[in-house]
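In what follows, a single structure is set out as structure tokens and then discussed.
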Amino acid sequence: MKPSFKYWIFLGAIYFAIISIIVASLIGSWASLNESQQIALSDMLSKLTPFPLLGAITVFFIIGALINLLFNDYIVPILKLAESARIISSVNPKHRAQIKNSSKEIQYLADIINQSADAFSELQKDVAGKIAVAQATLDEERTRLAALMSELPHGVIVCNTDGQVLLYNQQAQELFKEDSTQTANDTPTRGILGLGRSIFSILERDPIVHGLEMLHKCHTSGRTKMVNNSMITLRTGLCLRVNMAPFFTEQDGTQIISGFVLTLEDMTRQIESDSRRDMLIQSLIDEQQKDLDDIRDSITNILGRPKLDPEELYNYRKKIDHASQSLHAKANEARMNYAHHLRALSQNENVLAHNLLEIISKNITERFSIKVTPLAPKGAWLQLDSYSMVQAISHLAGLLQSHSHVPELIMTLTSGEESGTELVIAWPGIEVQLELLETWQLTPLITDTNGNLLNFKDTINNLSGRIIPTAETEDSCSSVTISLPPIDKNQRLAIQTEVEHRPVSYEFDLFKRDEWQEFSQISLRKLTYVVFDTETTGLNPSRGDEIIQLGAIRIVNGQLLYHEVIDQLIDPKRFVPHESVAIHGIQPALLLGQPTIDKVLPHFQTFVENSVLVAHNAAFDMRFLQLQEEKTGIVFENPVLDTLLLSSIVHPNQDSHSLDVLAERLNVTIVGRHTALGDAIVTGEILLKLVPLLEAQGIYTLAEALTATSQSPFAKVSY
């Protein structure tokens, strides 16, 4: 209840009590008189009334003045002192109570509070010094971990079992940067990699869930140090080899899987590079044709002319010997290059059948311009070396094109738990020699860990499979079947690897998670926020003013993420008044060529997914976004918190709640004022300092904060 309301209630209660006592006394006195006395008193009443009435008014005025003095000089200053004391103890030890035009007693109390604040500040410095010593060791370990992750050649993402991203390195961010970029003609993108976001917004859900299930099965069966392998493609065309390993926490004396670590290896460039090397090897083979022609020409002459001159015969034999030596050297060179450049890790991995066929189809189409039709059931899993399979089938497509000009391939995969897997590769309407398929099977593709050459036939045999050409005649065929046995149910679902132990110590709050609870009941400290601000052409959104700059920053677990921000200029397609330029300093020339608001909002909508929107005087910024709903179809249904309203809840007796005053009160340094991102960062820091002040008033959850701000007098402002 506001002090002014209490003032009028208190004053009214005193007036009512005084009037009630006077009226009761008059009624009692009147009742004690006899009839003649009452008549005599009635005759004198007109002469007696003005003096008591004047006295009563004088008394009421004196009482009102005293109560007003009491409230203004004692009650209200005491409330302000209480707010100042809470600020000092909670968020800003440098703040000092400043009470103007108050009584000496209140001023004395303010001095005592300020002296206590000085002592508290000194104590905090001593404690901070001790904490700094301990923190230095922790920071050193964190720095080592950060350095280790930054130097890793592959992307690393750490998630909890709900798929929430807890940690990632720069390499992982680079892999998904292109996938989260959107141009004017793009369709809505997938999610953005960021702390607190879901991994399922950027990677296909099924392989991740499937891998996690396999890790759980391995763990319950007693296996440790498990790594599950799979292959995943992104919308951008990137082919990723994904290794998944679990991490554990202790619960009730047993270890449970509390999350997983993904290492991401970009195989796209390697596949493309291998394709180029394939073509180089093919060109090297073509160059051998000259030597073959020389040999063939010499033999033809020798056989066709049996009575050759001895010297001429010697020259032909010398020519054959020279060409054969050259041919042998080039063949050896081609074989070695092919084997070493197309080396794949000798390990099987879990891969979705339709995903594998899509990768093979894309590779063949880009390299040989052959139309490929892949047919595979959804949800079918294979355990094989997908890299070797891609290279082998692409090599077959190259042979078919060069020898028979095959225009189309149909790849049909069938899979059953009992029957195993069959991949049929057909080239309808064209027959090729069986000798060509034999050459394909025996061509060296990879080297094993010992450096021995392996061909595709060896690779399939190692999987206990078979390669079966479908013969049309004795020496020709129109398709080939690759048959693989059913997966042994008793075999390991994940590959165990021994990893050298690294003594890395760290303690991130992000690794701690609560069980699922309703969004509105989540603690204010645990919520994910997106703090945003806009700069505009003016202050009247309903009269045509437009956004010219949008800035936003994410807050996860009480930390401002300075690497997860939006700072975007926007072309408003209208005149920018000089009065507005004088405030934000954005010259109209800077806006030319920038994206329009309908191109920026889709990315912003993805950026704020599953978070609480925060702004200072949020009604103003939200009005601009709401007016874009009809034009863009983008609706922001996120909960919204307003730092202006929150400040009015925790500091109801303060005179101002502007961003500058609030920043000064809470000891927040303002950098980049009147820039969208600068104001968003300041607002974010203010929000973090308001949270403990809200908790001191019993406001702990989002629902409680929204209910409290709806009662603020500033909540009635509209634009």
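The values are calculated or read from the model by the stated rules, or taken from the named source; none is laboratory data. This structure is a prediction, so every number in the text was calculated from the model and none was measured. Note that each Cβ is placed from the backbone with ideal geometry, even for glycine, and that neighbours are counted across all protein chains shown.
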Somewhere in region 392-399, is a residue in contact with a helix residue (DSSP H, G or I) (Cβ under 7 Å, 6 or more places away or on another chain) and not in a helix (DSSP H, G or I)?
-> no
Somewhere in region 12-27, is a residue surrounded by fewer than 11 Cβ atoms within 10 Å (Cβ to Cβ), under 60 Å from the mean Cα position of the chain (by Cα) and farther than 26 Å from Y108 by Cα?
-> yes
Per the list (1) closer than 18 Å to I88 by Cα; (2) buried (at least 20 other Cβ atoms within 10 Å of the Cβ), residue check on A696 breaks on (2)
Do any residues in region 75-89 that are without any contact (Cβ under 8 Å) to a residue 24 or more places away in the chain have Cβ atoms under 9 Å from those of residues that are of a type outside the set (A, V, I, L, M), where the two are at least six apart or on different chains, and which pairs are they?
-> A82/N653
Checked pairs for region 476-493, first among the charged types (D, E, K, R), second at pLDDT 75 or above, C-beta under 8 Å and 6 or more apart or across chains, list as R492/C218
Among the candidates Q124, Q135, Q171, which residue alone is touching a strand residue (DSSP E or B) at 6+ places or on another chain (Cβ under 7 Å), assigned to a helix (DSSP H, G or I) and modelled with pLDDT of 75 or more?
-> Q171
Taking the condition touching a residue at least 12 places away in the same chain (Cβ under 8 Å), touching a Pro at 6+ places or on another chain (Cβ under 9 Å) and outside any loop (DSSP other than H, G, I, E, B), does Q568 pass?
-> yes
For region 574-651, list the helices (runs of 4 or more DSSP H) that sit wholly inside it and hold at least 1 residues that are over 25 Å from L694 (Cα atoms) and either at pLDDT 90 or above or among the polar types (S, T, N, Q) (or both); which are they?
-> 578-584, 588-591, 597-607, 618-626, 629-632
May I ask you to say which residue of M44, M1 is at pLDDT below 80, out of contact with any His (no Cβ under 9 Å at 6 or more places or on another chain) and either within 26 Å of E695 (Cα to Cα) or in the same structural domain as R665 (by TED's automatic domain parsing) (or both)?
-> M1
Can you find even one residue in region 648-671 that is on the phi > 0 side of the Ramachandran plot and in contact (Cβ under 8 Å) with a residue 60 or more places away in the chain?
-> yes
Qualifying positions in region 709-719 - surrounded by 14 or more Cβ atoms within 10 Å (Cβ to Cβ) and either charged (D, E, K, R) or free of Cβ contacts under 8 Å to residues at least 60 places away in the same chain (or both) = none
For residues that are part of a strand (DSSP E or B) and surrounded by fewer than 18 Cβ atoms within 10 Å (Cβ to Cβ), tally how many sit in region 422-437.
-> 3
Of these, K362, K378, which one is basic (K, R), under 17 Å from M231 (Cα atoms), touching a residue at least 12 places away in the same chain (Cβ under 8 Å) and outside any helix (DSSP H, G or I)?
-> K378
Could you check, for region 519-531, whether at least one of its residues is assigned to a loop (DSSP other than H, G, I, E, B), touching a Leu at 6+ places or on another chain (Cβ under 9 Å), farther than 20 Å from G678 by Cβ and among the β-branched types (V, I, T)?
-> yes
